[in-house]
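Let me begin by presenting the structure, written as structure tokens, before commenting on it.
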Amino acid sequence: DAGVTQSPTHLIKTRGQQVTLRCSPKSGHDTVSWYQQALGQGPQFIFQYYEEEERQRGNFPDRFSGHQFPNYSSELNVNALLLGDSALYLCASSYRTSGLSYEQYFGPGTRLTVT
Amino acid sequence: EDKVVQSPLSLVVHEGDTVTLNCSYEVTNFRSLLWYKQEKKAPTFLFMLTSSGIEKKSGRLSSILDKKELFSILNITATQTGDSAIYLCAVSAGNQFYFGTGTSLTVIP
């Protein structure tokens with residue numbers, strides 16, 4: 001049973017550039033959430049996708065956008081990169097945001113460094 | 001503002017010790033509280049708690065939730081070096097998860 005996968009594992013970009021991160025959810029899951037984890041901090045919620053739509057968004061600027069595909073995989077796009085965007089980006093998948101409690105399973109993350 | 005606070009921030013113990021990690025929260029529309037273990041990158045799921053007073057147990061780890069006092073504890077008994085990690089507490093509220101900054105646990109042989 002494949003878990004959550006993310007690509008790439010590491011990425012180095014320059015300020016002002018754009019980046020796309022990818023995530024495939026755990027088999028059977030249909031909901032994908034993205035998190036940013038700065039060094040020494042807990043993960044910060046960016047947004048969540050279900051049925052190919054953004055369902056919930058955290059306190060992140062519009063430079064952060066995403067997409068979910070019919071196969072439930074997802075992309076996170078960040079435009080006009082800033083040094084402060086350097087972090088570990090985690091994808092988590094779950095089954096159905098039905099408003100009830102649910103478990104999330106995390107991928108290994110993408111380490112983004114902005115220079 | 002919704003927030004999750006974990007304590008202590010870090011802890012160093014010897015193998016065989018018992019540790020208690022704390023998580024308090026203030027959120028709107030609480031749904032559940034989850035504990036994760038993060039060693040290298042991906043946090044791995046430990047427990048999900050939704051009801052007060054019901055202990056969840058897995059081997060040497062156990063956790064309980066108090067929805068009246070808005071906190072949870074994670075206990076680890078007979079600690080081993082493999083327990084060294086960051087332990088994250090997350091609260092599900094609405095369709096978001098709010099994470100604490102974590103407790104860094106180091107177990108010395």
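The values are calculated or read from the model by the stated rules, or taken from the named source; none is laboratory data. What you see is a predicted model; the values in this text were computed from it and never measured. No Cβ is skipped: glycine too gets one built from the backbone with ideal geometry, and neighbour counts run over all protein chains shown. Calculation scope for accessible area: heavy atoms of the full protein, side chains included, ligands and nucleic acids excluded. Shrake-Rupley method; radii C 1.70, N 1.55, O 1.52, S 1.80 Å.
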Q. Any residue at all in segment B:88-97 that is in a loop (DSSP other than H, G, I, E, B), open to solvent by 40 Å² or more (accessible area, probe 1.4 Å) and either within 14 Å of chain A (Cβ to nearest Cβ) or touching a His at 6+ places or on another chain (Cβ under 7 Å) (or both)?
A. no
Q: Could you tell me which numbered condition residue B:12 fails, if it satisfies all but one of (1) hydrophobic (A, V, I, L, M, F, W, C); (2) free of Cβ contacts under 8 Å to residues at least 24 places away in the same chain; (3) open to solvent by 50 Å² or more (accessible area, probe 1.4 Å)?
A: (2)
Q: Take residue A:79 and decide whether it is farther than 24 Å from residue B:46 by Cα, away from chain B (no Cβ under 11 Å), touching a Lys or Arg at 6+ places or on another chain (Cβ under 6 Å) and open to solvent by 50 Å² or more (accessible area, probe 1.4 Å).
A: yes
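Residue-wise test of (1) surrounded by fewer than 17 Cβ atoms within 10 Å (Cβ to Cβ); (2) under 13 Å from the mean Cα position of the chain (by Cα).
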position	(1), (2)
B:40	yes, no
B:44	yes, yes
B:47	no, yes
B:52	yes, no
B:59	yes, no
B:65	no, yes
B:72	no, yes
B:80	yes, no
(Q) Which count do you get for residues in segment A:1-49 that are touching a strand residue (DSSP E or B) at 6+ places or on another chain (Cβ under 8 Å), free of Cβ contacts under 8 Å to residues at least 60 places away in the same chain and assigned to a loop (DSSP other than H, G, I, E, B)? (A) 5
**Q.** Leading residue by the ranking (farthest from residue A:44 (Cα to Cα)) among those in segment B:15-66 that are among the acidic types (Asp, Glu) and without any contact (Cβ under 8 Å) to a residue 60 or more places away in the chain
**A.** B:55
Q) Does residue A:109 fit the bill of being under 12 Å from the mean Cα position of the chain (by Cα), within 14 Å of another protein chain (Cβ to nearest Cβ) and at pLDDT 90 or above? A) yes
Q: Please find, within segment A:1-23, the residue that is farthest from residue A:113 (Cα to Cα) out of those that are out of contact with any Leu (no Cβ under 9 Å at 6 or more places or on another chain) and open to solvent by 50 Å² or more (accessible area, probe 1.4 Å).
A: A:1
Q. Any chance segment A:40-53 includes a residue that's open to solvent by 10 Å² or more (accessible area, probe 1.4 Å), away from chain B (no Cβ under 13 Å) and at pLDDT 95 or above?
A. no
